[in-house]
């Protein structure tokens, strides 16, 4: 069980501001834990032939994509933010949308 | 209705005028497909870059062709044809084995079983993993007798099965070998059972590690593939009882195991022989050699490996096993659908046959190299095809649970990537593990390769190298009046002759894998005054071997350390193809730095970084490099994660062979926490490895002269080529590389600096 970091709001804001590094040591430590938390499926981005990305759950056996977020993303950064929110919610049981204040 | 599925490959991958390239195509869901010739000029980059550029060329290609589906018979096995033995008079199979995946599938060990006819005999494992003998007469009578005692995974065991038609009896023996450690020792099991089925076979094809599942035209289709090692399979043309089997196994009376004069010994196959080929000898008097299909792993330890020898050439008797896998694939073996003879007027370059059916397209790339007898252009691009084959059909990128952690970003995939994941028969890459957990040692292009294409799901990872290399093609097309293209396969085969006549060789973005022949040729080129622009990162890292007979297959042993998706098993670090020790070039006294001036130091894939010029960039020797370059910081933008220095990084190191007179003219700054030192840099684990805290995590741009009058310029970053086209090629990175290319193509000799002040080389400006 991962406990919510005391500076959650700051870390959420830091990630939302810049999904790709460099990150503060505290955010990187949190990302490492979120990204290694066991999941039955893998979050992946599907590149649509017409452009844009969709966030899916990749089931491995058999291989199948299951929608994680129905809306498409125009940028990779936005998709990373959405994946971060999913992982945050799975880990801490609440949405990070308010900056982790709850 | 789903879109048609097109899959194809060609052979050879590189050809010159007058030579023929064959194309093997499978098309599902359409009655026909179209084939057209294109010259590939740039990969798909999106609006931030030049975008996909391909030029349709007139050709003799047939245009529209009828569609047909071709299948791939995945899984390795051995086959011995025309074994003259009358199985109806009784027989004994025996072998040593080391099962590695007992997953509920029946698996063949050795036999003549033909599934569709229910005929023949096969020593096998049943669905519980117990030794069994299956017998069928092809007329409706068949039986499978089992010991009912499952084997253990990764335990050597001697197995044998005999059938005596006079006594109407089957005997099975499974006898564990070696030391079980502190595990409870497995028991020897002997099973004798009545069996009244005859096997009317007199001249048979014997299969090892598979059975015959049917035929597609002339092609044999196989099933029951075994996962694990098999050693010393033998066939005796008469039945033995339990005591006789034991004597046969140990070589004691009444039947010396390897007595070549014994007429009953119908085959005693030695997997330690002909190690570098697809053949294996028969030590019986029949001398009926066998052939291996789909590249099972050779040069692996046998049941008697003592741990005292690591080179199979020094103790071949301890390397008598072959590791078969149900997901091995060497050559899809498809029939050719059409061929294309390279016309005299087709320029050297990166080309493709573009296949289309409905909304589906599939590019089959190939290289037109300069004719060996033709004059060479000043500049040659060396496409890193050995690296392409190492990564071919990589699944690890999609399936790894740690990729987000390693790369700091989500995995991106598209429809072709999904097709790869859905079709197991397309095989694995040397970045994958087999189903039994062992590493994939061979990489092959003799099958459809789905990540070798100009439009890829993600050029920001180092898996789809071909697409990223088209960025170099685009740059060279703008900077030169023409250039030749050649491949690693050309370099390996032709040696220095492949490079002679060129003044400048430019590498592609990630030439990670190199054979000894390739490195010798590059070094000889430089020693002869050639100039080398290393326009990539993590180059010349792994030593590889090419298949001695079949072009298009490479071998990789992941020894000792390095950034590895798996590690070689103990005692299995020497290549079977050549007998050479595998692993990192760095561990063989020939680090990449010796040739390139830089070597692999760190990797990460989330964000690329810029370069900062060093004090050494002011050295008069480096003046030509920075003419017109105004800022001290450059490479801030790029198509590959937003900067010039990224993905995989190299730095200079005199300790590893960077020449003492080399100038490090720029170093990257500002890497993220995702970038970490490569493991070979660490003797003791510590927390000082990421790019935000460790100054070793950087890319160095290095220039040095080579005696007598050549030079090397190395950028040490995979992402670098992605920064050239920013702002329509109007940027400092492109200006710098234009300067370097023009100077390197100038016949004016580089003066070798015999007296060098080395004190300023690393200090930053």
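Bear in mind these aren't lab numbers, they're just calculated from the coordinates by the rules spelled out. Predicted, not measured: the structure shown is a model, and the values here were computed from it. Glycine gets a Cβ as well: all are built from the backbone with ideal geometry, and neighbour counts include every protein chain shown.
Rule-of-thumb check for chain B: C-alpha Rg over 2.2 N^0.38 Å? Kindly include the intermediate steps, with their values, before the conclusion.
Numbers: Rg = 28.5 Å, N = 765, 2.2 N^0.38 = 27.4 Å.
Normalised by 2.2 N^0.38 Å, the Cα Rg of chain B equals 1.04.
Using only atoms on other chains, find how many Cβ atoms lie within 10 Å of each Cβ of peptide B:398-405 and report the average.
5
Kindly state, as a whole number, the per residue volume in cubic angstrom of the convex hull around the alpha carbon atoms of segment B:670-714. Don't skip to the end; give the middle numbers.
Numbers: hull volume 4.1 nm³, N = 45.
Cα convex hull per residue, to the nearest whole number: 92 Å³.
For chain A, what's the radius of gyration and Dmax over Cα atoms, in angstrom?
Answer for chain A, Rg first and Dmax second: 14.0, 42 Å.
Label points 7 Å out from Cα along the Cβ direction at residue B:696 and residue B:306: separation in nm?
Inter-label distance under the simple model: 3.8 nm.
Rounded, prolate or oblate: which fits segment B:578-637 when a ≥ b ≥ c are the square roots of the eigenvalues of the alpha-carbon gyration tensor, with rounded for a/c under 1.5 and prolate only if a/b beats b/c?
Since a/c reaches 1.5 but b/c is at least a/b, the shape of segment B:578-637 is classed as oblate.
Using only the Cα atoms of segment B:545-618, each taken as one equal point scatterer with no solvent, compute I(q) by the Debye sum, divide by I(0), and report log10 of the ratio at q = 0.16, 0.17, 0.21, 0.23 Å⁻¹.
-0.78, -0.84, -1.06, -1.15
Report D for segment B:138-201 in µm² per second (integer): Stokes-Einstein, Kirkwood Rh on Cα pairs, 20 °C, 1.002 mPa s. Mind dumping the intermediate values first?
Values: Rh = 13.6 Å.
Approximately 158 µm²/s, per Stokes-Einstein.
Roughly how many whole Å is it from the C-alpha centroid of segment B:91-131 to that of segment A:58-74?
Going from one Cα centre to the other spans 40 Å.
Per the Debye formula with a single identical scatterer at each Cα and no solvent contribution, what log10 I(q)/I(0) holds for the protein assembly as shown at q = 0.05, 0.06, 0.10 Å⁻¹?
Reported log10 I(q)/I(0), two decimals: -0.31, -0.44, -1.13.
Using a 10 Å cut-off around each Cβ, can you sort B:77, B:463 from fewest to most neighbouring Cβ atoms?
Working: B:77 29, B:463 22.
By the 10 Å Cβ count, ascending, the order reads B:463, B:77.
What is the angle, in °, between the Cα long axis of helix B:732-745 and the longest principal axis of the Cα atoms in chain B? Nearest 10 is fine, range 0 to 90.
Roughly 80 degrees, rounded to the nearest 10.
Label residue B:152 and residue B:128 with points 7 Å out from Cα along Cα→Cβ: what is the distance between them in nm?
Spacing of the two 7 Å Cα→Cβ label points: 1.8 nm.
Would you calculate a helix-derived [θ] at 222 nm for chain B, using -39,500 (n - 2.57) for each DSSP H run of n ≥ 4 and dividing by the full residue count, to the nearest 500? Before the final figure, lay out the partial values.
On the way: 10 runs with 85 residues, N = 765.
My calculation for chain B gives -3000 deg cm²/dmol from helical runs alone.
Would you tell me the mean number of C-beta atoms belonging to other protein chains that fall within 10 Å of each C-beta in A:25-32, as a whole number? If you can, show how the numbers build up before the last one.
Working: counts 5, 0, 1, 6, 1, 0, 6, 5.
Mean shielding count: 3.
Using a simple spin-label model with points 7 Å from Cα along the Cα→Cβ vector, what separation in nm is obtained for residue B:481 and residue B:192?
Taking the two extended label points, one gets 8.9 nm.
May I ask you to derive the FRET efficiency for residue B:71 and residue A:50 from their Cβ-Cβ distance with R0 = 25 Å, giving the value to the nearest 0.05? Please report the intermediate quantities before stating the final value.
Values: r = 32 Å, r/R0 = 1.28.
With a Förster radius of 25 Å, E is 0.20.
Assuming 1.002 mPa s and 20 °C, estimate D for segment B:1-116 with Stokes-Einstein, Rh taken as the Kirkwood radius over Cα pairs, in µm²/s.
On the way: Rh = 20.4 Å.
Value of D from the Cα-based Kirkwood radius: 105 µm²/s.
Using packing as a proxy for protection, rank B:301-313, B:201-213 so that the peptide with the highest average count of other Cβ atoms within 10 Å comes first. Working shown, then result.
Details: B:301-313: 16.5, B:201-213: 22.3.
Ranked from most to least packed, the peptides come out as B:201-213, B:301-313.
I'd like the distance between the alpha-carbon centres of segment B:290-365 and segment B:1-70, rounded to an integer number of Å.
Going from one Cα centre to the other spans 22 Å.
Inside 10 Å of the C-beta atoms of A:39-51, what's the mean count of C-beta atoms belonging to other chains? Please list the in-between numbers first.
Values: counts 1, 0, 0, 8, 3, 10, 8, 8, 9, 2, 5, 0, 2.
Going residue by residue through A:39-51 and averaging, the value is 4.
Most exposed first by the Cβ proxy, i.e. fewest other Cβ within 10 Å, how do B:342, B:601, B:173 rank?
Working: B:342 20, B:601 27, B:173 23.
Lowest count first: B:342, B:173, B:601.
Residues in segment B:590-633, backbone N under 15 Å from the label point at residue B:681 (7 Å along the Cα-to-beta-carbon vector): list them, ranges by number please.
Inside the label zone: B:592-593, B:598-605, B:609.
Does anyone have the angle between helix B:465-479 and the longest principal axis of chain B? Alpha-carbon axes, 0 to 90°, nearest 10?
30
In whole Å, what three semi-axes, largest first, describe the equivalent ellipsoid of segment B:620-765 built from its Cα gyration tensor (square root of 5 times each eigenvalue)? The partial results should precede the final answer.
Values: eigenvalues 135, 91, 29 Å².
Over the Cα atoms of segment B:620-765, the semi-axes work out to 26, 21, 12 Å.
So, in Å, what gap is there between the alpha-carbon centers of segment A:1-26 and segment B:496-538?
45
How far, in degrees from 0 to 90, does helix A:76-92 lean away from the longest principal axis of the Cα atoms of chain A, to the nearest 10?
60
Report the Stokes-Einstein translational diffusion coefficient (µm² s⁻¹, integer) for segment B:386-438, Rh taken as the Kirkwood radius over Cα pairs, at 25 °C with viscosity 0.890 mPa s.
206
Under 1.5 on a/c is rounded, so check that first for segment B:196-325, then, if it is not, pick prolate when a/b is larger than b/c and oblate when it is not; a ≥ b ≥ c are the square roots of the alpha carbon gyration tensor eigenvalues. Don't skip to the answer; put the middle values down first.
On the way: a/c = 1.80, a/b = 1.05, b/c = 1.71.
Taking the square roots of the gyration eigenvalues as a ≥ b ≥ c, segment B:196-325 is oblate.
Output the Kirkwood hydrodynamic radius of segment B:396-524, Cα pairs only, in Å rounded to one decimal.
Over segment B:396-524, the inverse of the mean reciprocal pair distance is 17.1 Å.
Specify whether the C-alpha gyration tensor of segment B:584-706 places it in the rounded, prolate or oblate class, a ≥ b ≥ c being the square roots of the eigenvalues: rounded for a/c under 1.5, otherwise prolate if a/b is larger than b/c and oblate if not.
Working: a/c = 2.09, a/b = 1.14, b/c = 1.84.
Oblate is the answer for segment B:584-706, as a/c is 1.5 or above yet b/c matches or exceeds a/b.
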